[in-house]
Amino acid sequence: MGALMNDHHITGLNSRGFHKLHYTDWGDPLSPRVVICVHGLTRQCRDFDALAAALQNDLRVVSISIAGRGKSDWLPNADDYSYPQYMADMTALMARVTAAGAGDISWVGTSMGGMLGMLLAAQPNTPIRRLVLNDIGAVIPKESMARIGAYVSKILRFQSLQETEAWLRVTLAPFGPLTDAQWRHLTVHNSKQHDDGSWSMNYDPAIALPFQKAQSRDIELWNYYDAIRCPTLLLRGEQSDVLPKDIAVQMTQRGPRPALVEFEGIGHAPALMSDDQIRVLRNFLLQDQAALTRR
């Protein structure tokens, strides 16, 4: 894994200056077909390594760490951890990849990354030609946001990488069964060691502040969802509390009318690391462009 991976940065602009965003780039940099992968609230770009490695011979795969996560800069103003800022940053990323000749962008978004995908795919003249929504829907229940917010806002320190992994295995148990190597991969890339030898998660705790302001009510995105015209695939963990089953079914009947694929024994959210999950994505992303007519 990683033989064809390259690390890059783009520059974004926030209310107090410029910031750098880290992204990984897999496969042929001149490929006309690019998959952009965007993570969930507290995650970062290396979550998609397994998917990128499986796709890199056929597609260019770009995975970015949103500001405040991974190796991307933290923002000095916590209010900038917002969807308008994220959308502006992702627009800069799409401009970067299309400048290299890509004319066919697919978007794979997990949770928050899927919300961004919906918002961007709904815009007039969007460059997004395929959309994968991983365990996120047009309605996000306030109860699920409260659950996630309860641990995002905590500033935790661990005494070792092993202790960090043990916490992650419990907190991210809804990801479903992963191998020891996969858990270690997630731990290494989602944590950092401090000068005193302790460990913590590698995201800015301030990302929780705007998130917590939105927890008083359900988030509804039907207006954006119904405006999406590109072929769409909807993934759901069978036990997910972020994408309720009734909302997922409604989504298959309106807007882009995606196919719905559920994964047993998984909550929020499928990690997209197992062979069966990757196979579903691969089949969708590699469909012939001519067969993906707008509806």
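The table below lists the values:
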{"quantity": "Residue selected from segment 174-207 under the condition without any contact (Cβ under 8 Å) to a residue 40 or more places away in the chain and closer than 26 Å to Y81 by Cα, by the criterion surrounded by the fewest Cβ atoms within 10 Å (Cβ to Cβ)", "calculated": "H194"}
{"quantity": "Residues of segment 57-91 satisfying the condition of being part of a helix (DSSP H, G or I), of a type in the set (G, A, S) and either modelled with pLDDT of 95 or more or in contact with a Cys (Cβ under 7 Å, 6 or more places away or on another chain) (or both)", "calculated": "A88"}
{"quantity": "Within segment 244-273, considering residues that are in a loop (DSSP other than H, G, I, E, B) and without any contact (Cβ under 8 Å) to a residue 40 or more places away in the chain, the one nearest to R130 (Cα to Cα)", "calculated": "R257"}
{"quantity": "Some residue of segment 256-268 being surrounded by 18 or more Cβ atoms within 10 Å (Cβ to Cβ) and over 18 Å from the mean Cα position of the chain (by Cα)", "calculated": "yes"}
{"quantity": "Residues being surrounded by fewer than 21 Cβ atoms within 10 Å (Cβ to Cβ), at pLDDT 95 or above and either assigned to a strand (DSSP E or B) or among the β-branched types (V, I, T) (or both) - total across segment 94-127", "calculated": "1"}
{"quantity": "Any chance S153 is closer than 21 Å to P174 by Cα, surrounded by 22 or more Cβ atoms within 10 Å (Cβ to Cβ) and of a type in the set (S, T, Y)", "calculated": "no"}
{"quantity": "In segment 26-56, residue surrounded by the fewest Cβ atoms within 10 Å (Cβ to Cβ) [restricted to those that are touching a Gly at 6+ places or on another chain (Cβ under 7 Å) and assigned to a loop (DSSP other than H, G, I, E, B)]", "calculated": "L30"}
{"quantity": "The one condition in (1) closer than 20 Å to L286 by Cβ; (2) charged (D, E, K, R); (3) under 15 Å from the mean Cα position of the chain (by Cα) that R60 fails to fulfil", "calculated": "(3)"}
{"quantity": "Pairs, first in contact (Cβ under 8 Å) with a residue 12 or more places away in the chain in segment 147-161, second outside any helix (DSSP H, G or I) and loosely packed, with under 12 Cβ neighbours inside 10 Å, C-beta under 9 Å, six or more apart", "calculated": "R157/H194; R157/D196; Q159/G197; S160/G197"}
{"quantity": "Residue match in segment 11-30 (condition: touching a Phe, Trp or Tyr at 6+ places or on another chain (Cβ under 6 Å) and not small (G, A, S))", "calculated": "yes"}
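The values are calculated or read from the model by the stated rules, or taken from the named source; none is laboratory data. Everything numeric in this text was worked out from a predicted model, so none of it was measured. All Cβ positions, even for glycine, are placed from backbone atoms using ideal geometry, and neighbour counts span all protein chains on display.
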